[in-house]
Structures are given as structure tokens and as C-alpha cells.
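Q: This is the structure, below, for whatever I ask next.
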Amino acid sequence: MARLDDKRRFSTKVVCCLVVIILPFLMCRPGGSVTPAQTRSRKTRSAVSSQRQKSAAQPTPSPTPSLLDRLGEPPPLPPRPTKSEQEISPGEVISVETTEVMLPVTVRDANGRLVTDLTRDDFQVFEDNQKQPLRDLELRQVPVDAVLMVDASSSTARNLDDFRRAAEGFANRLGAEDRISLIKFDDTVQLLQDWTKSRFQLQRALTRIAPGMFTRFNDALWLVAREQYGSTRSRRALIVLTDGIDSGRGTTLESAVAALLEAQVTVYVVSNTEIARSAKLADLESLTNQSEASQRFNKLQIDDLRLGLRALDQSEELLKQLTADTGGRLYKPRSFNDLESTYAEVAEELRHQYALYYTPLNRARDGAFRHVRVQTTNQAYQTLTRIGYFAPRR
């Protein structure tokens, strides 16, 4: 009996193994039953396969270029519709929108004096090295939208009263149709006064400038270019008091310059780098004229002063490039007492600036950057304008 039981148990195990092996094959045959779990598995594989086919059919999108990348090759234009795609009814007038370019231009003679009596025929405009026809160039009197921006960080905090007086004098020298807004930057960027022609409103806003600690200079430039000027057709100027040393970790100066060029803003920088340099050099001379023991004791302070001087030199070079690219100027007063006369000089330039209008020969609305150069028939004159502009997109 024991042997018989063993045989039965062995037979049962064999049958179970055969069922386990054969059953999956029977279920995969047509007409075989499929469990819900298997249905979900098949649907998932089908969806993945379909998604892979779609991904293979669609090209991988290229990353969005930055503004500075757009200075290179422009993106391809969409194909123009054929006549079958764009039906034209008889007698319909087809209008082509042209783009008029405005260039604010400052002209000075060999002695640096403003030249204010030129006519249209005295100018030559080149776009991407192609001379633009003079018949499409005009001189017009155009109001200016001027942003007064002040660095309220620790580098200028003690001299804000000097800036307030200079800003009031600047506003009083502008024309009746010119508008002003006021922005301060330090740890944050703050609009203290939106566009106004009221000198009284500007005076009230100047009293609200409070000092901060750090300098978000690049962020301030970018925000002004993007947010402040809107779609006005006025001349656009930005006058900023700063040492240009950015302590933020946000916008790069390259991105800020690209935004300013796209917004067609002329930047004038009143830099206190010369003032800060004189103070640091005096401190450094005082420390290095002491005994060797004192110099060793003050080594960290001496090293900090030398690093600060190098930072000022680097900042000054960047400010030169910023103003040159946008067609403005870099001013370096030797004292905060000179701010009033410096701002008066900026106002004088804006009042005697030419606004040149022309219709470019290149009508493509491709968003590409166009390099511009302006010269006068008198080779002794120096012209200042921005290095170019971004063509509009469709």
C-alpha cells in the first residue's frame, strides 16, 4: 500500500507539471482565453510601440536660442503660400508692411563739441555693409523717454542726495514732451516712478530712494529693457549711476545687452569707478607705507583693496562696451559733487541728438540681427549710435 501511495503521489506531480507547462501555450493560441492582466500588458506594449514610432517620425526640437545666439544665422523663414493656397480676389489691394528703422545719432567734432546743424544729405547709413538710399532717410524731432536708474547699494548709499540734485537738474533740462521714469536697484529692482512729464512727481519719487546692500545691476538692465519701454516710438534712453559691479547671480551682462539692443535703448552710464578707485588707492598707499610688521598684520585688508581695484578695472571695461554697443557714453566724474554737471551734459546730448529714419533694403522679417553703421560726409566728425537692431518677426 505504501508503494501504491508513492506512485499516486508521483503521478499527481507529473500531471501538475504538464499542466503548468502546456497551459500557457494553449492560452496564446487563437481563441484561447486571455486574462485582464495580459490585456493590459498587450495594450501597454502597443502604446509604447506607437509612441516610439511617433517619436521616430518627429524630429527632436532644437533648444531655444538665446538673444545673443540670434546674432548669428537667422532661423529659416516659413515657406510663402502659393497662389492656390492664398486666393486673391479681383480688385483686391495687397499691402506690404514695411519696417522703418529709427537711429538716434550723436555727432561731435574733433574737439568733442556737439554738431547740431547737419542735414539729411550729410549722413550715410550702412546696414550689414550695404549703403541705404538717402531718399529713405529723414531727420525728425522726436521726444525722448528717459529712465533714470540709480545704484542704491553700499557703494553709493552715502551720496544719494547728490544723485537727487543731479536728477532734478537733468529733468529740468529736458523738453516739455519728454518723459521720465525712476528706478533704483540694490538687493531688488524697484520702479519708484512710472512714466511722467511732471517734475513734481519725479521729485516726490526721489525722496523714496532707500539704500540697500548688494547690486543686481544686470537684472536691472534686463528688466528695464523688457518691461519699461513698451511699444512707444520715442527715442529711448537709460541713464544709470553705478560702478557696474554686479553681485547678483541672475542675468548675465551679455543677455542684458542683447535685451537693450532689441528694445533699441541707448545707455548712458555715470560711473563712480573713478571715485571708488581714488579712495581705494589712498587706503592702499596708507597701509603699504607702514612698517613690515604692520603690513603683515594688515595683509588681508591690503589684498582686499587690490582685488577691489582689479574689479573696478574689469567693470569699467564692461561699462565701456555696454555704452558703445548701445550708442551711449561712459562718464567718469572724479567726485560726487560733479554729478550735476555730468547729468547736465547727458541732457544736452539728448536735446541735440539726431533721429535718423530709413527703410532698410532688406525687408525680411526674420528676427535676425542687422549691423548698422552711420557716418557723415565730414570725416573729422565722430558719430555715435547703436551697433544694430533686431529685425521684427512675422
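To keep it simple, each residue is scored yes or no on (1) buried (at least 18 other Cβ atoms within 10 Å of the Cβ); (2) within 30 Å of Ala166 (Cα to Cα).
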site	(1), (2)
Thr342	yes, yes
Ala347	yes, yes
Tyr357	no, no
Pro360	yes, no
His371	no, no
Ile387	no, yes
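Q: Would you pick out the residues in the range 325-344 that are part of a helix (DSSP H, G or I) and in contact with an Asp or Glu (Cβ under 6 Å, 6 or more places away or on another chain)?
A: Once the filter is applied, which keeps residues that are part of a helix (DSSP H, G or I) and in contact with an Asp or Glu (Cβ under 6 Å, 6 or more places away or on another chain), the range 325-344 yields Phe336, Leu339.
Q: Would you be able to say whether some residue in the range 313-324 is exposed (fewer than 15 other Cβ atoms within 10 Å of the Cβ), within 19 Å of Thr385 (Cα to Cα) and more than 24 Å from the chain's Cα centre (by Cα)?
A: No.
Q: Out of Ala258, Ala220, Ala237, Ala210, which single residue is assigned to a strand (DSSP E or B) and in contact with a strand residue (DSSP E or B) (Cβ under 9 Å, 6 or more places away or on another chain)?
A: Ala237
One line per residue, one yes/no per condition, for (1) in contact with a Pro (Cβ under 6 Å, 6 or more places away or on another chain); (2) surrounded by fewer than 20 Cβ atoms within 10 Å (Cβ to Cβ); (3) of a type in the set (S, T, N, Q):
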position	(1), (2), (3)
Leu261	no, no, no
Ala279	no, yes, no
Asp283	no, yes, no
Asn289	no, yes, yes
Phe297	no, yes, no
Gln301	no, yes, yes
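Q: Considering (1) in contact with a strand residue (DSSP E or B) (Cβ under 7 Å, 6 or more places away or on another chain); (2) aliphatic (A, V, I, L, M); (3) part of a helix (DSSP H, G or I), say which one Ala347 fails and leave the rest.
A: Single failed check for Ala347: (1).
Q: Can you tell me which residues in the range 120-161 are within 28 Å of Glu177 (Cα to Cα), touching a strand residue (DSSP E or B) at 6+ places or on another chain (Cβ under 7 Å) and loosely packed, with under 13 Cβ neighbours inside 10 Å?
A: Residue satisfying the conditions is Arg140 alone.
Q: Across the range 375-385, what is the number of residues that are aliphatic (A, V, I, L, M) and surrounded by fewer than 19 Cβ atoms within 10 Å (Cβ to Cβ)?
A: The number of residues fulfilling the criteria is 1.
Q: Let me ask something else. Is at least one residue of the range 316-326 among the small types (Gly, Ala, Ser), in contact with a Gly (Cβ under 9 Å, 6 or more places away or on another chain) and at pLDDT 95 or above?
A: Taking every residue of the range 316-326 in turn, none turns out to be among the small types (Gly, Ala, Ser), in contact with a Gly (Cβ under 9 Å, 6 or more places away or on another chain) and at pLDDT 95 or above.
Q: Scanning for something touching a helix residue (DSSP H, G or I) at 6+ places or on another chain (Cβ under 8 Å), within 25 Å of Ala171 (Cα to Cα) and surrounded by 21 or more Cβ atoms within 10 Å (Cβ to Cβ), does the range 245-253 turn up at least one residue?
A: No, there is no match, as no residue in the range 245-253 is touching a helix residue (DSSP H, G or I) at 6+ places or on another chain (Cβ under 8 Å), within 25 Å of Ala171 (Cα to Cα) and surrounded by 21 or more Cβ atoms within 10 Å (Cβ to Cβ).
Q: I'd like the residue in the range 177-207 that is assigned to a loop (DSSP other than H, G, I, E, B) and farther than 18 Å from Ala237 by Cβ and, out of all such residues, is modelled with the lowest pLDDT.
A: Filtering the range 177-207 for residues that are assigned to a loop (DSSP other than H, G, I, E, B) and farther than 18 Å from Ala237 by Cβ, the one modelled with the lowest pLDDT comes out as Asp187.
Q: Okay, next question. Cβ-Cβ below 6 Å, separation at least six or inter-chain, first residue in the range 158-176 and farther than 24 Å from Pro143 by Cβ and part of a helix (DSSP H, G or I), second of a type in the set (A, V, I, L, M, F, W, C) and modelled with pLDDT under 95: which pairs?
A: Final answer for the pair search is Asn159/Phe336; Asp162/Phe336.
Q: Could you tell me which of the residues Leu300, Leu281, Leu287 is without any contact (Cβ under 8 Å) to a residue 40 or more places away in the chain, over 31 Å from the mean Cα position of the chain (by Cα) and under 27 Å from Ala152 (Cβ atoms)?
A: Leu281
Q: Name, by its number, the condition in (1) in contact (Cβ under 8 Å) with a residue 40 or more places away in the chain; (2) out of contact with any Leu (no Cβ under 6 Å at 6 or more places or on another chain); (3) closer than 30 Å to Asn172 by Cβ; (4) not in a strand (DSSP E or B) that does not hold for Arg363.
A: (3)
Q: If a residue must be within 15 Å of Phe123 (Cβ to Cβ), not aliphatic (A, V, I, L, M) and not in a loop (DSSP other than H, G, I, E, B), how many such residues does the range 366-394 contain?
A: Total satisfying the criteria: 5.
Each row is one residue, and each column tells you yes or no for (1) among the charged types (D, E, K, R); (2) at pLDDT below 90.
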{"residue": "Pro74", "(1), (2)": "no, yes"}
{"residue": "Gln86", "(1), (2)": "no, yes"}
{"residue": "Glu100", "(1), (2)": "yes, yes"}
{"residue": "Arg108", "(1), (2)": "yes, no"}
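Q: Continuing with this model, one more query. Which residue pairs have Cβ atoms closer than 9 Å, lie 6 or more positions apart in sequence or on different chains, and pair a first residue in the range 232-259 that is farther than 13 Å from Leu318 by Cβ and free of Cβ contacts under 8 Å to residues at least 60 places away in the same chain with a second residue that is crowded, with 24+ Cβ neighbours inside 10 Å and among the hydroxyl-bearing types (Ser, Thr, Tyr)?
A: Gly248/Thr215
The values are calculated or read from the model by the stated rules, or taken from the named source; none is laboratory data. Just so it is clear, the structure is predicted and the values come from calculations on it, not from any experiment. All Cβ positions, glycine included, derive from the backbone under ideal geometry; neighbour counts span all protein chains shown.
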